[in-house]
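I have placed the structure first, in the form of structure tokens, so that the comments after it can refer back to it.
No value in this document is a laboratory result; all are computed from the given coordinates. Remember, it's a predicted structure, so these values are computed and weren't measured experimentally. Quick reminder, even Gly has a Cβ in these numbers, built from the backbone with ideal geometry, and neighbours come from all protein chains shown.
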Amino acid sequence: MPLDELGARIEFLELDEFARAVESGEPTTLQCAGLLSAEFDRRQWNLLRRLHADEVLGKMFPSITHGAVRLCVDPLDGTSRWRA
């Protein structure tokens, strides 16, 4: 169901920029941009830029937990870590 239709049916549902990015198939780009603009994650910026520029790893969904950069195959499944 398109997000606009879902939002119209369920009035209390707040559809943010990330929901729209998931719908359009671009959540990884939005997530990477968000992490690269967060001062809290500044120590990982260089690594994030390198990962995002990589042909294969740049398609993985990045997150940072406990100071570690993690990559997921499926942006909606935190356990879908990439394996070489």
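Each residue of the stretch 52-65 was assigned a 3J(HN,Hα) from its phi angle through the Karplus expression (A = 6.51, B = -1.76, C = 1.60, θ = phi - 60°), giving 5, 7, 6, 4, 8, 5, x, 8, 7, 7, x, 8, 10, 9 Hz with x at Gly and Pro.
If packing is taken as the mean number of other Cβ atoms within 10 Å per residue, what is the order of 63-70, 30-37, 43-50, highest first?
Descending packing order for the listed peptides: 30-37, 43-50, 63-70.
By other beta-carbon atoms within 10 Å, ranking Phe61, Phe12, Phe18 with the fewest at the front produces Phe12, Phe18, Phe61.
Every helix of 4 or more DSSP H residues in the chain counts as -39500 (n - 2.57), and over all residues that averages to -11000 deg cm²/dmol at 222 nm. Helix 27-36 sits at what angle to the longest principal axis of the chain, using alpha carbons and giving 0 to 90 degrees rounded to 10? Its long axis makes an angle of about 50 degrees.
Here's the picture: charge each Lys and Arg Cβ at +1 and each Asp and Glu Cβ at -1 in the chain, and of Cys72, Leu47, Met1 the one pushed furthest to the positive end of that dipole is Leu47. Listing Met60, Met1 from fewest to most neighbouring C-beta atoms within 10 Å gives Met1, Met60. What is the log10 of I(q)/I(0) for the chain, computed with the Debye formula using one identical point scatterer on each Cα and no solvent, at q = 0.12, 0.13, 0.19 Å⁻¹? The Debye formula, applied to the Cα set alone, gives -0.41, -0.47, -0.86.
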